[in-house]
Amino acid sequence: MKKTQVAWDFIKYPVTEKVAFYNNIIVKLTDNPTFPWPPVSLVDTKTAVNKLEAAIIEARDGGHSAVSIMHDNEKLTDNLFRILANYVESVANGDETTILISGFHGTKQPTPIQKATLAAANGPHSGSVKLTSKAFFHGGGLILFRWLKVSYPPQKVNGYR
């Protein structure tokens with residue numbers, strides 16, 4: 001089973017949702033004994049989020065320079081929170097609960113694919129069947145599948161039914 005990692009899904013959020021998400025992470029990491037030494041000051045990250053929020057408000061009128069400033073602030077805060085995400089991932093070391101208490105989301109584990117013991121598919125010719133099975137050993141011996149072609153209802157062949 002793979003270790004749970006911090007999901008970087010926050011990068012794809014709309015800018016306005018990023019502000020709320022980032023503020024939530026700052027609140028959860030502040031004075032959290034599990035994460036005592038973040039590599040980026042939480043005061044600096046809070047300042048960057050506040051600047052991003054102010055830039056969003058300025059960019060509402062659609063001015064080109066205001067929108068450009070907003071995107072520059074977005075890139076800056078995204079980079080700060082990528083650093084924090086890597087820090088949380090290193091501290092959590094695969095523990096999903098630790099990742100969740102930081103405010104970030106964990107990656108989903110892939111579901112194991114269960115292969116059928118015996119599968120039947122259409123063969124290359126009309127009326128033929130292709131059987132496929134997992135290779136497994138039972139008690140040291142190989143299990144073989146055999147079939148007998150009979151008509152229905154079964155008729156006696158050489159005295160056997």
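Applying the criterion of being surrounded by fewer than 20 Cβ atoms within 10 Å (Cβ to Cβ) and of a type in the set (Val, Ile, Thr) to the residues of segment 72-94, the residue that is nearest to PRO39 (Cα to Cα) is ILE83. With respect to the conditions (1) in contact (Cβ under 8 Å) with a residue 12 or more places away in the chain; (2) more than 21 Å from TRP8 (Cβ to Cβ), LEU80 lacks only one, and its number is (2).
Answer yes or no: is there a residue in segment 106-125 that is touching a helix residue (DSSP H, G or I) at 6+ places or on another chain (Cβ under 6 Å) and within 26 Å of LYS2 (Cα to Cα). Looking through segment 106-125, at least one residue is touching a helix residue (DSSP H, G or I) at 6+ places or on another chain (Cβ under 6 Å) and within 26 Å of LYS2 (Cα to Cα). The criterion of being loosely packed, with under 10 Cβ neighbours inside 10 Å, of a type in the set (Ser, Thr, Tyr) and at pLDDT 65 or above does not hold for SER133.
Consider segment 1-55 and keep the residues that are in contact with a helix residue (DSSP H, G or I) (Cβ under 7 Å, 6 or more places away or on another chain) and among the aromatic types (Phe, Trp, Tyr). The one that is farthest from ALA66 (Cα to Cα) is PHE35. For ARG82, are the conditions met, namely being basic (Lys, Arg), within 18 Å of the chain's Cα centre (by Cα) and at pLDDT 80 or above? Answer is yes for this residue.
Once segment 2-40 is narrowed to residues that are of a type in the set (D, E, K, R) and assigned to a helix (DSSP H, G or I), the residue that is surrounded by the fewest Cβ atoms within 10 Å (Cβ to Cβ) is LYS12. Just to be sure before I move on: is SER65 modelled with pLDDT of 75 or more, over 22 Å from the mean Cα position of the chain (by Cα) and surrounded by fewer than 10 Cβ atoms within 10 Å (Cβ to Cβ) in the structure I sent? Answer is yes for this residue. A count restricted to segment 44-84 and to residues that are of a type in the set (Ser, Thr, Tyr) and closer than 16 Å to ALA20 by Cβ stands at 2. So, GLY123, is that one touching an Asp or Glu at 6+ places or on another chain (Cβ under 6 Å) and modelled with pLDDT of 65 or more or not? Answer is no for this residue. As a summary of the residue check, ASN50 satisfies the conditions (1) closer than 30 Å to PRO38 by Cβ; (2) of a type outside the set (A, V, I, L, M); (3) surrounded by fewer than 13 Cβ atoms within 10 Å (Cβ to Cβ) except for the one numbered (3).
The values are calculated or read from the model by the stated rules, or taken from the named source; none is laboratory data. Nothing here was measured: the structure is a model prediction, and the numbers come from that model. Using ideal geometry, Cβ is built from the backbone for each residue, glycine included, and neighbour counts are taken over all protein chains shown.
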